[in-house]
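Read through the structure below, which is laid out as C-alpha coordinates, and then see the notes.
The values are calculated or read from the model by the stated rules, or taken from the named source; none is laboratory data. Just so it is clear, the structure is predicted and the values come from calculations on it, not from any experiment. Glycine gets a Cβ as well: all are built from the backbone with ideal geometry, and neighbour counts include every protein chain shown. Surface areas here come from the heavy atoms of the whole protein model, side chains and all, with no ligands, DNA or RNA. Shrake-Rupley method; radii C 1.70, N 1.55, O 1.52, S 1.80 Å.
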Amino acid sequence: MSKLEIDRDGPVLRLTLSNPERRNAITWPMYDGLSSIESLVAEDRGIRVVVLRGAGGKAFAAGTDIRQFADFTTGEQGVEYERRIAAVLTSLLRIRVPVVGVVQGPAVGAGLALAACCDLVVATPDAVFGAPVARTLGNTLPPLVIARLQQRLGAGRTMALLLTAGLMPASEAAIAGFVTEVIEREDLDERVEALLRVICSNAPLTLASLKEFDRRILRDGAFADGEDILSEVYASRDFQAGVKAFLAHEDVEWEGR
(Lines give C-alpha, C1' and ligand atoms only; values in the text may rest on other atoms or scores of the structure.)
Protein backbone atom coordinates (compact mmCIF):
# COMPACT_ATOMS: atom_id res chain seq x y z
CA MET A 1 0.00 0.00 0.00
CA SER A 2 1.37 3.41 -0.95
CA LYS A 3 1.33 6.18 1.62
CA LEU A 4 3.21 9.11 3.07
CA GLU A 5 4.46 8.14 6.52
CA ILE A 6 4.52 11.08 8.95
CA ASP A 7 6.38 10.82 12.25
CA ARG A 8 6.97 13.60 14.78
CA ASP A 9 10.29 13.02 16.54
CA GLY A 10 10.84 15.88 18.98
CA PRO A 11 11.56 18.99 16.89
CA VAL A 12 11.96 16.87 13.74
CA LEU A 13 9.08 15.98 11.42
CA ARG A 14 10.05 12.89 9.43
CA LEU A 15 8.29 12.18 6.13
CA THR A 16 8.76 8.93 4.23
CA LEU A 17 7.52 8.29 0.70
CA SER A 18 6.41 4.70 0.99
CA ASN A 19 5.63 2.77 -2.19
CA PRO A 20 8.71 0.52 -2.25
CA GLU A 21 7.35 -2.02 -4.72
CA ARG A 22 7.30 0.78 -7.32
CA ARG A 23 10.47 2.54 -6.18
CA ASN A 24 8.34 4.97 -4.15
CA ALA A 25 6.44 6.25 -7.18
CA ILE A 26 4.07 8.94 -5.93
CA THR A 27 0.33 8.29 -5.83
CA TRP A 28 -2.52 10.74 -5.30
CA PRO A 29 -2.82 9.84 -1.58
CA MET A 30 0.90 10.53 -1.18
CA TYR A 31 0.52 13.89 -2.93
CA ASP A 32 -2.44 14.70 -0.65
CA GLY A 33 -0.29 13.87 2.37
CA LEU A 34 2.47 16.18 1.17
CA SER A 35 -0.11 18.96 0.70
CA SER A 36 -1.00 18.74 4.40
CA ILE A 37 2.51 19.36 5.71
CA GLU A 38 2.56 23.14 5.31
CA SER A 39 -0.42 23.64 7.64
CA LEU A 40 0.79 20.94 10.05
CA VAL A 41 4.12 22.72 10.50
CA ALA A 42 2.46 26.15 10.69
CA GLU A 43 0.26 24.98 13.56
CA ASP A 44 3.05 23.27 15.53
CA ARG A 45 5.71 25.79 16.47
CA GLY A 46 7.78 23.05 18.10
CA ILE A 47 8.74 21.62 14.71
CA ARG A 48 12.15 22.97 13.70
CA VAL A 49 13.00 20.88 10.64
CA VAL A 50 11.37 18.48 8.16
CA VAL A 51 13.12 15.45 6.67
CA LEU A 52 11.90 13.83 3.45
CA ARG A 53 13.18 10.48 2.22
CA GLY A 54 12.07 7.33 0.41
CA ALA A 55 11.24 4.04 2.09
CA GLY A 56 13.49 1.02 1.70
CA GLY A 57 16.73 2.80 0.86
CA LYS A 58 16.66 1.81 -2.83
CA ALA A 59 14.95 4.90 -4.26
CA PHE A 60 13.89 8.39 -3.24
CA ALA A 61 10.98 8.55 -5.68
CA ALA A 62 10.62 7.27 -9.23
CA GLY A 63 8.23 10.01 -10.32
CA THR A 64 4.47 9.93 -10.32
CA ASP A 65 2.92 6.45 -10.35
CA ILE A 66 2.36 6.02 -14.10
CA ARG A 67 -0.78 3.92 -13.58
CA GLN A 68 -2.53 7.19 -12.75
CA PHE A 69 -2.01 8.37 -16.34
CA ALA A 70 -3.68 5.38 -17.95
CA ASP A 71 -7.05 7.09 -18.40
CA PHE A 72 -5.70 10.42 -19.67
CA THR A 73 -7.27 11.17 -23.06
CA THR A 74 -7.42 14.98 -23.19
CA GLY A 75 -5.06 17.89 -22.80
CA GLU A 76 -7.22 19.32 -20.04
CA GLN A 77 -6.55 16.25 -17.90
CA GLY A 78 -2.83 16.95 -18.24
CA VAL A 79 -3.31 20.61 -17.36
CA GLU A 80 -5.34 19.67 -14.29
CA TYR A 81 -2.68 17.17 -13.23
CA GLU A 82 0.06 19.79 -13.48
CA ARG A 83 -2.07 22.29 -11.55
CA ARG A 84 -2.45 19.75 -8.79
CA ILE A 85 1.26 19.00 -8.68
CA ALA A 86 2.12 22.71 -8.78
CA ALA A 87 -0.11 23.25 -5.74
CA VAL A 88 1.75 20.50 -3.87
CA LEU A 89 5.18 21.89 -4.77
CA THR A 90 4.18 25.45 -3.94
CA SER A 91 2.94 24.27 -0.56
CA LEU A 92 6.24 22.50 0.12
CA LEU A 93 8.19 25.63 -0.78
CA ARG A 94 6.10 27.60 1.74
CA ILE A 95 6.92 25.35 4.70
CA ARG A 96 8.35 27.72 7.29
CA VAL A 97 11.15 25.44 8.53
CA PRO A 98 14.08 23.97 6.60
CA VAL A 99 13.30 20.84 4.61
CA VAL A 100 16.09 18.30 4.24
CA GLY A 101 15.89 15.74 1.44
CA VAL A 102 17.70 12.44 1.91
CA VAL A 103 18.19 10.78 -1.48
CA GLN A 104 19.25 7.19 -2.01
CA GLY A 105 18.93 5.81 -5.54
CA PRO A 106 16.83 7.59 -8.17
CA ALA A 107 15.03 10.88 -7.70
CA VAL A 108 13.42 11.23 -11.11
CA GLY A 109 10.43 13.02 -12.61
CA ALA A 110 8.25 14.20 -9.76
CA GLY A 111 10.90 12.81 -7.42
CA LEU A 112 13.36 15.30 -8.86
CA ALA A 113 10.81 18.08 -8.38
CA LEU A 114 10.34 17.12 -4.73
CA ALA A 115 14.10 17.04 -4.16
CA ALA A 116 14.35 20.50 -5.76
CA CYS A 117 11.81 21.79 -3.24
CA CYS A 118 14.06 20.71 -0.37
CA ASP A 119 16.34 23.38 1.06
CA LEU A 120 19.20 20.95 1.63
CA VAL A 121 19.75 17.64 -0.15
CA VAL A 122 22.11 14.95 1.09
CA ALA A 123 22.63 11.94 -1.13
CA THR A 124 24.43 8.63 -1.29
CA PRO A 125 26.88 8.02 -4.14
CA ASP A 126 24.34 5.85 -6.00
CA ALA A 127 21.74 8.66 -6.14
CA VAL A 128 20.76 9.95 -9.58
CA PHE A 129 18.61 12.93 -10.56
CA GLY A 130 16.66 13.61 -13.74
CA ALA A 131 13.36 13.95 -15.57
CA PRO A 132 13.81 11.78 -18.69
CA VAL A 133 10.26 12.27 -19.96
CA ALA A 134 11.54 13.11 -23.46
CA ARG A 135 12.49 9.42 -23.92
CA THR A 136 9.91 7.76 -21.65
CA LEU A 137 6.40 9.23 -21.40
CA GLY A 138 6.51 12.07 -23.90
CA ASN A 139 4.90 14.55 -21.49
CA THR A 140 6.58 17.72 -20.26
CA LEU A 141 7.44 19.79 -17.20
CA PRO A 142 5.61 22.94 -16.06
CA PRO A 143 7.34 26.34 -15.72
CA LEU A 144 7.39 26.15 -11.90
CA VAL A 145 9.52 23.01 -11.92
CA ILE A 146 11.87 24.27 -14.62
CA ALA A 147 12.31 27.57 -12.78
CA ARG A 148 13.13 25.80 -9.52
CA LEU A 149 15.61 23.51 -11.28
CA GLN A 150 17.26 26.49 -12.96
CA GLN A 151 17.53 28.17 -9.57
CA ARG A 152 19.17 25.10 -8.03
CA LEU A 153 21.19 23.70 -10.96
CA GLY A 154 21.66 26.69 -13.24
CA ALA A 155 19.89 27.27 -16.55
CA GLY A 156 22.51 25.52 -18.69
CA ARG A 157 22.68 22.32 -16.65
CA THR A 158 18.91 22.22 -16.31
CA MET A 159 18.24 22.41 -20.05
CA ALA A 160 21.04 19.96 -20.86
CA LEU A 161 19.61 17.48 -18.34
CA LEU A 162 16.06 17.80 -19.67
CA LEU A 163 16.81 17.97 -23.40
CA THR A 164 19.07 14.91 -23.33
CA ALA A 165 16.67 13.04 -21.01
CA GLY A 166 19.72 12.15 -18.96
CA LEU A 167 20.36 11.25 -15.35
CA MET A 168 22.78 13.29 -13.26
CA PRO A 169 24.88 11.38 -10.71
CA ALA A 170 25.10 12.64 -7.14
CA SER A 171 28.73 13.72 -7.62
CA GLU A 172 27.80 16.06 -10.50
CA ALA A 173 24.71 17.32 -8.65
CA ALA A 174 27.00 18.21 -5.75
CA ILE A 175 29.34 20.17 -8.04
CA ALA A 176 26.30 22.05 -9.36
CA GLY A 177 25.19 22.88 -5.81
CA PHE A 178 21.95 20.91 -6.01
CA VAL A 179 23.24 18.31 -3.54
CA THR A 180 24.65 19.65 -0.29
CA GLU A 181 26.75 16.63 0.54
CA VAL A 182 27.39 13.13 -0.82
CA ILE A 183 27.61 10.61 2.02
CA GLU A 184 28.44 6.92 2.01
CA ARG A 185 25.48 4.74 2.94
CA GLU A 186 27.06 3.45 6.14
CA ASP A 187 27.54 7.02 7.39
CA LEU A 188 24.26 8.47 6.10
CA ASP A 189 22.00 8.29 9.14
CA GLU A 190 24.65 9.57 11.53
CA ARG A 191 25.48 12.51 9.27
CA VAL A 192 21.81 13.37 8.71
CA GLU A 193 21.15 13.41 12.45
CA ALA A 194 24.14 15.70 13.01
CA LEU A 195 22.83 18.06 10.33
CA LEU A 196 19.38 18.10 11.95
CA ARG A 197 20.88 18.98 15.33
CA VAL A 198 22.71 21.93 13.79
CA ILE A 199 19.54 23.22 12.13
CA CYS A 200 17.50 22.82 15.33
CA SER A 201 20.09 24.86 17.25
CA ASN A 202 19.74 27.88 14.95
CA ALA A 203 17.34 30.81 15.29
CA PRO A 204 14.01 29.66 13.81
CA LEU A 205 12.84 33.12 12.73
CA THR A 206 16.10 33.69 10.87
CA LEU A 207 15.77 30.36 9.08
CA ALA A 208 12.12 31.04 8.23
CA SER A 209 13.03 34.48 6.84
CA LEU A 210 15.76 33.06 4.63
CA LYS A 211 13.35 30.45 3.27
CA GLU A 212 10.69 33.05 2.55
CA PHE A 213 13.19 35.32 0.80
CA ASP A 214 14.35 32.36 -1.32
CA ARG A 215 10.75 31.68 -2.34
CA ARG A 216 10.08 35.34 -3.17
CA ILE A 217 13.29 35.63 -5.19
CA LEU A 218 12.24 32.61 -7.25
CA ARG A 219 8.96 34.39 -7.95
CA ASP A 220 9.99 38.05 -8.20
CA GLY A 221 13.76 38.17 -8.65
CA ALA A 222 16.39 40.09 -6.72
CA PHE A 223 14.12 43.08 -6.08
CA ALA A 224 11.46 41.02 -4.29
CA ASP A 225 9.87 42.90 -1.41
CA GLY A 226 11.09 41.79 2.01
CA GLU A 227 10.47 44.67 4.38
CA ASP A 228 7.62 42.88 6.19
CA ILE A 229 9.90 39.96 7.04
CA LEU A 230 12.80 42.21 7.98
CA SER A 231 10.55 44.12 10.35
CA GLU A 232 9.23 40.93 11.94
CA VAL A 233 12.71 39.52 12.57
CA TYR A 234 14.27 42.73 13.90
CA ALA A 235 11.29 43.32 16.21
CA SER A 236 11.44 39.80 17.63
CA ARG A 237 12.31 38.75 21.15
CA ASP A 238 14.81 36.33 19.66
CA PHE A 239 16.81 39.17 18.07
CA GLN A 240 16.89 41.09 21.35
CA ALA A 241 17.95 37.96 23.22
CA GLY A 242 20.57 37.18 20.58
CA VAL A 243 22.21 40.60 20.84
CA LYS A 244 22.20 40.44 24.64
CA ALA A 245 23.66 36.93 24.70
CA PHE A 246 26.31 37.76 22.10
CA LEU A 247 27.54 40.79 24.06
CA ALA A 248 27.58 38.79 27.29
CA HIS A 249 29.36 35.83 25.63
CA GLU A 250 26.47 33.57 26.60
CA ASP A 251 24.46 30.95 24.77
CA VAL A 252 20.94 31.84 23.71
CA GLU A 253 17.82 29.67 23.69
CA TRP A 254 15.68 30.65 20.73
CA GLU A 255 11.94 30.96 21.28
CA GLY A 256 10.87 31.49 17.69
CA ARG A 257 9.15 34.77 18.44
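For Arg191 and Arg94, FRET efficiency with R0 = 35 Å and r from the beta-carbon atoms, rounded to 0.05? Before the final figure, lay out each step's value.
Values: r = 27 Å, r/R0 = 0.78.
Here the calculated transfer efficiency is 0.80.
Please give the charge dipole size of segment 171-257, origin at the Cα centre, charges +1 on K and R Cβ atoms and -1 on D and E Cβ atoms. Round to the nearest 20 debye. Can you show the working numbers first?
Working: 10 positive and 20 negative charges, 65 e Å.
With Lys and Arg at +1 and Asp and Glu at -1, about 320 debye.
Net charge near Ala25: determine it from the other residues with C-beta under 14 Å of the C-beta of Ala25, scoring Lys and Arg +1 and Asp and Glu -1. Walk me through the numbers on the way to the answer.
Working: positive: Lys3, Arg22, Arg23, Lys58, Arg67; negative: Glu21, Asp65.
Result for the local shell: +3.
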Query raised in the report: Cα centroid distance between segment 224-257 and segment 48-73, in Å?
Result: 38
Query raised in the report: What is the Cα centroid distance between segment 97-172 and segment 1-47, reported in whole angstrom?
Result: 20
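Counting heavy atoms of the protein chains only and a 1.4 Å probe, report the per residue accessible area for the chain as a whole number of Å².
Details: 13040 Å² over 257 residues.
Accessible area per residue, the chain: 51 Å².
Set the Förster radius R0 to 35 Å, insert the Cβ-Cβ distance between Ala86 and Gln240 as r into 1/(1 + (r/R0)^6), and round the FRET efficiency to 0.05.
Details: r = 39 Å, r/R0 = 1.12.
In this case the efficiency is close to 0.35.
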Report summary line: Here the percent of antiparallel bridges among DSSP beta bridges lying wholly in the chain, to the nearest 5, is 30
Query raised in the report: According to a simple spin-label model (label point 7 Å from Cα along Cα-to-Cβ), what is the distance in nm between Arg22 and Gln77?
Result: 1.5
**Report entry** Of Leu137, Leu112, Leu93, the one that fluctuates the most in a GNM where the chain has Cα springs shorter than 10 Å
**Finding:** Leu137
Query raised in the report: In the full protein assembly as shown, how much of Glu181 is accessible to a 1.4 Å probe, in Å² to the nearest 10?
Result: 60
Report task. Calculate the dipole size of the chain relative to its Cα centre from +1 charges on Lys and Arg beta carbons and -1 charges on Asp and Glu beta carbons; express the result in debye to the nearest 20. Result -> 560
Requested in this report: Please work out the FRET efficiency for the pair Ile217 and Glu172, using the Cβ-Cβ distance as r and a Förster radius of 25 Å; give the result to the nearest 0.05.
Outcome: 0.55
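Run through the DSSP bridge list for segment 1-129 and note the antiparallel percent, rounded to the nearest 5. Walk me through the numbers on the way to the answer.
Values: 7 of 26 bridges.
DSSP beta bridges in segment 1-129 are roughly 25 percent antiparallel.
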**Report entry** Highest-fluctuation residue, Ile217, Ile95, Ile47 considered, GNM on the chain with Cα pairs under 10 Å
**Finding:** Ile217
Query raised in the report: Picking from Thr73, Thr206, Thr16, which is most flexible by a Gaussian network model of the chain using Cα springs under 10 Å?
Result: Thr73
Query raised in the report: What number, rounded to the nearest 500 deg cm²/dmol, is the helix-based mean residue ellipticity at 222 nm of the chain, given -39500 (n - 2.57) per DSSP H run of at least four residues and division by all its residues?
Result: -14500 deg cm²/dmol
